Every structure is written in structure tokens, then in C-alpha cells.
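The values are calculated or read from the model by the stated rules, or taken from the named source; none is laboratory data. Because the structure is a prediction, the values reported are computed rather than measured. Cβ coordinates were reconstructed from backbone atoms using ideal geometry, including for glycine residues, and neighbour counts include every protein chain displayed. Accessible surface is based on the protein model in full, side chains and every heavy atom, while ligands, DNA and RNA are left aside. Shrake-Rupley method; radii C 1.70, N 1.55, O 1.52, S 1.80 Å.
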Amino acid sequence: MMAAGVSMGGMMLANYLGRKGRKTCLKGVIVFSAGWDVFECTASLEKPLDRFLFNSYLTSCLQASVHRHRPVLEKCYDIDHVMKAKTIREFDERFTSIMFGYPTNDDYYRDASPVHKLKSVQVPMLCLNAADDVFSPSHAIPVEAVKQNPHLALLITCHGGHIGFLEGLWPRQSTYMDRVFKQFAKAVIEQGGRLKDLSR
């Protein structure tokens, strides 16, 4: 079985593999645009331009999700306080970390950061990130951690943004991300057990 994760799904998939090691039915995994260190991802989105372009909007989307379920959620959480959050970090401090039972938001961010679990991944995992992704800043891409695990391979493009990876002047067909996925899936299926060491 092959799995692919994009952005948050990729972070969850990488975390899952880091916890499971070899105890998974997955034969290969590809992760696109993962935010490897949630502290760094959040800090990147708090820079003035990125806060204006992305953070405020995403925070309002999260709040809209909470508002839709307000009658149920207000029994357990201070929804008025949640709705006053101005950033994703404030939203996570006021809602997400509490909802998932973390003592602090830092504990939640540490646990949600796949960078800490990469050494335990035991199935072939290809990671595709772009150096210009504001959601996953290039300085937080775990190059050294990937070098330490032969089951991991990391592909960093100069451009691609956050899950973009478009090609050509008028990109209409498949993206670079599509092509990488197809090639890796084919290798996992055809090479099977021989695809153990991606460091070669």
C-alpha cells in the first residue's frame, strides 16, 4: 500500500510513521510541503506580509469552523475567547491545544512537529518541499535529519510555494508534484523490498 500526504496530511503521515516504525502496512510514503517544525512554520506566518496575506485569513477560517459547531463546543471551551484570536498561534493556544488535551501550546507544537520523529521512520519516504514555501520555511526543512535515515529522501525545489509546483508558462497539465508522485509510486510498486535505502 502506498500513501501520500499533502501539507497538514503530510505532517500527520510523517508523525504516524515516526511512531509506528516498521509496524505499518504501508510500503512507501510521499509527503508534499510538510511543515516539519510547527514552531518555525507559525513564526514564518507571523511575519508582517505573511500575517496579512495568510495568517489572518486562515485564522478566520478556523474560527468559522468552530462557530459552525458552537452549540456543542461552548459546553467545553471558551468560544468567545477563541473567536478573539488574531493569529493561528493564538487560535491554537485558545482552542486546538486544549481540545487535544495538551498542557501547553508548546507541548502541542512539539508533538505535532514531524522533525522529531524522522529518525524512527522505517519505510521508504520521499519528501518534497519548496524553498519558497512560507508555510514551511527553508531553514526548518530537516536536511540533516533526513541524511541520518536511509529510509528518507528529500527533494527541495527552488520554487513551488506551498503545494504548487506548477510548471510552464501556462500550467494546465500535471504538475511537478504529480510527476514525482507517479515516479515514486512506480518505484515502490516495482522495486518493493529493494527500495530500502533511499540515501544511495
task: Would you mind computing, in nm to one decimal, how far apart the modelled labels at residue 20 and residue 132 are, each placed 7 Å from Cα along Cα→Cβ?
output: 3.5
- request: Report the label-to-label distance for residue 76 and residue 60 in nanometres (one decimal), using points 7 Å from each Cα along the Cα→Cβ vector.
  value: 2.8
- line: Computed Rg/Rh for the stretch 35-147 (Cα atoms; Rh = Kirkwood radius) stands at 1.02
message: Using a 1.4 Å probe on the protein heavy atoms, what percent of the accessible area of the chain belongs to carbon and sulfur?
response: 59
query: Just the accessible area for residue 12, please: 1.4 Å probe, Å², rounded to the nearest 10?
result: 130
query: Looking at 138, 55, 77, which one has the Cα that reaches farthest to the positive end of the dipole of the chain (charges on Cβ: Lys, Arg +1; Asp, Glu -1)?
result: 138
- request: Counting helices only, and only those DSSP H runs with n ≥ 4, report the 222 nm mean residue ellipticity of the chain as the sum of -39,500 (n - 2.57) divided by its residues, in deg cm²/dmol to the nearest 500.
  value: -10500 deg cm²/dmol
- request: Return the single residue from 131, 64, 145 with maximal mean-square fluctuation; model: Gaussian network over the chain, springs between Cα atoms under 10 Å.
  value: 64
task: Work out how far the C-alpha atoms of the stretch 7-78 reach from end to end along every principal axis, then list the three figures in whole Å, largest first.
output: 40, 35, 16
- line: Placing each pseudo-label 7 Å from Cα in the direction of the beta carbon, residue 120 and residue 144 end up separated by a distance in nanometres of 2.1
query: Which order do 135, 165, 100 take when ranked by solvent-accessible area (1.4 Å probe, heavy atoms of all protein chains), largest first?
result: 100, 135, 165
query: Taking amide H positions as placed 1.01 Å from N in the peptide plane, with prolines and chain starts having none, which residues 5 or more places from residue 157, or on another chain, fall under 5 Å of its amide H?
result: 129, 130, 131
statement: Relative contact order in percent for the chain (Cα pairs under 8 Å, 6+ apart) equals 27
message: Mean-square fluctuation check for the chain, GNM, Cα pairs under 10 Å: which of 25, 127, 41 is largest?
response: 25
message: A 30 angstrom limit on the alpha carbon distance is what I want to check against. Which of 20/186; 23/86; 86/182; 75/117 exceed it?
response: 23/86; 86/182; 75/117
message: Please list, ordered by chain and number, the residues whose modelled amide H lies under 5 Å from the amide H of residue 28; skip anything fewer than 5 residues away on the same chain.
response: 3
task: Mind grabbing the accessible area of residue 67 for me, 1.4 Å probe, Å², rounded to tens?
output: 100
field: Average projected area [Cα convex hull, the chain], square nanometres
entry: 12.9
query: With the other protein chains left in place, how much accessible area per residue, in square angstrom, belongs to the chain at a 1.4 angstrom probe?
result: 56
